[in-house]
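Remarks on the structure that follows.
The values are calculated or read from the model by the stated rules, or taken from the named source; none is laboratory data. No experiment lies behind these values; they were computed from the predicted model shown. Neighbour counts are summed over all protein chains in view; Cβ atoms, including those assigned to glycine, are modelled from backbone coordinates with ideal geometry.
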Amino acid sequence: MLSSDTQWSRGRVFGTFILVWALLFLFRLGYVELAFNEVRRVYPALTMLSDGHWLTPVFNGQPYYRKPPLMNWLVAFFVGLGGRNEFFCRLPSALSLVPLLALLAFHRGMWLSLRGRLWAGLVLMTAVGVLRAGRFCEVDMGFAVCAGCAILLWLDNLSVGREDWRLWVPAGVALGLGMLFKGPLILLVFYVTACAVLRRRRSPSLLWSPGHAAGLVVALGIFSSWLAARAVWGETPDLAAAAVSKATGEGDMWRIWWIELSQRILPLGQNDRFFSFNRWLRGFVGGPALFLPWLALVPLLWLRADRSADEGISRGLRDALVLLTILILAMPLTKARYLLPVFPVAAFALALLLERLDAVCPPVVLWWRRLLLALRWLLPLLALAGIAGLAAPWLRRSPLSSRLISLAALVTWQQVLLSALALALAVLFVAWAGRSCPRPATVSSCMTVTVAALVVIMLFWQIFHAPLEQSREIMRSIARRAVAGLQAGDALGTVGISPGKPLHFYLPATARLLDTGSDSRLRGELDCMRRVITLDRRGLPPEDDASVLPDMHQFLREDGFLPMGSFQNHDGVYMIWDRAVRPSMNGNRRTRHSSFVPDTKKELR
């Protein structure tokens, strides 16, 4: 338990933050292959690195304006620094939490003690939604962190009596960066919180101060600097792509932003943008669920406030939490992840509650301790269940006489070591938790054991669930099979697979997307190919960005290709074709490809 705001204590708090953050967000960060939404951040970044068009993100061959480019810039920086792999693509999302943790540890404010700041950071890091968003290459994590930094800076400066530009300008910097992540909607989160706090403190006149105007100018200036630079330099990545995007409306940035904003408030869009009650209900229920397990403490915010707490800030955060939740979840096209920027507000409010929970409601702390002691035996059971889950598929598929041989062949020694470590960690936690929750129960002891249990459970998830996820991967399997046996100079092409599909991330840089615009042009390109990957979407809705000839399979067979494997997922059936015969130099006869060995085994799943 921290007793004072000394420099050593602040360093210890930040060290605790970094330790928990590293265990939660860096362990096996790049273990699972990229998902489709992630490629919307990764591919524009790779285009920036290859073409140098830093002001205009390009995705699927067209300018991509649905999100501002800050996340693309960060991904491009880390990929250029560390290499093209999943870990460095996702590292910006994980690292985005560190500035907020540093502000919690080192920035001074009178409304929240250092111990409360420790609780706020731990609550935020261990929420389910933050754990998920911080391990994927998406804009939601950086957007939420910028909102949290702006609110924290503003509350700290307000609590120490700063009412001039120093109250608003630091928050304006965070708001400007947040708008470069996901647009101006961050202003809604900040101003609802600020207005709620100022109303409770009876000082709404601060909204009309010159300092507020200066902070707003800084926020809008940071965001508009990208727009101004783009207008001055006027980058055009590809004239043909720009013409197509202009014809389809994809190149009109302001039109896209207006549609994105208006459709979330009034669902008058097209395609899958129409209102669906089931989809809205999933977002309405799933949004608060992303704040588990700390959602159970949120109703306690309405307990009687303690006199030692800043009632204006405490009640203002509570009011803002309710109002923001209603506004976001009431949107017709809401999604669960849209509630993520509200989580810092909830974490700050819960930190104020946890500081006074011992005095305000001791029975809650008592039952909290009893629940922890009862559930501590769950962790060894989870470890044993994880080990059984890894072994069950192979034990079920193999004959009785070869079960041990099959298990030894399919389970790597690293996984065996990690499973043994998980079981030992669970046993140690059971012994440690019993000593760390003595009587009488305190918030500090309960919080310590709860956070430790959540960290262990997250480690279990990565140890046992990540291999199962990897065993169901399609894109990396297709890429490995497609490049197996290729020699120097052998060309690899894809037909009917959109440039925005994750598969292209795992193929060699020399792989070409073949043109299906005409029969003769496609045949000319196929003559140079050794191996081809196709996507059969029969039975699925057609895609606007993928034009496939209806008789592609027969066309490839006539051109001398034979199938060597197929893989199925929600996109359709991916098929790999290898050239069995190739045209001679005069084009009149065909010769066998000497290195082709047909494989009749199907890879369909």
Boolean, R435 is surrounded by fewer than 20 Cβ atoms within 10 Å (Cβ to Cβ), at pLDDT below 85 and not assigned by TED's automatic domain parsing to the domain that holds L124: yes
When G11 is evaluated against the numbered criteria (1) in a helix (DSSP H, G or I); (2) crowded, with 16+ Cβ neighbours inside 10 Å, which criterion, by number, is the only one it fails? (2)
Selected residue (only one of P69, P99, P44 is crowded, with 21+ Cβ neighbours inside 10 Å and free of Cβ contacts under 8 Å to residues at least 60 places away in the same chain): P44
In region 180-190, which residues are crowded, with 16+ Cβ neighbours inside 10 Å and in a helix (DSSP H, G or I)? L180, F181, K182, I186, L187, V189, F190
Residues in region 1-12: is at least one touching a Gly at 6+ places or on another chain (Cβ under 9 Å) and modelled with pLDDT under 95? no
Residues that are in contact with a His (Cβ under 7 Å, 6 or more places away or on another chain) and not acidic (D, E): does region 41-50 have at least one? yes
Given the criterion assigned by TED's automatic domain parsing to the domain that holds L23, within 30 Å of L227 (Cβ to Cβ), part of a helix (DSSP H, G or I) and of a type outside the set (A, V, I, L, M, F, W, C), identify the matching residue among R66, R90. R90
Scan region 293-352 residue by residue and report those that are part of a helix (DSSP H, G or I) and free of Cβ contacts under 8 Å to residues at least 12 places away in the same chain. L295, A296, P299, V322, I326
Go over the candidates C195, C149 one by one and state the one that is in the same structural domain as P288 (by TED's automatic domain parsing) and either within 21 Å of R108 (Cα to Cα) or under 29 Å from the mean Cα position of the chain (by Cα) (or both). C149
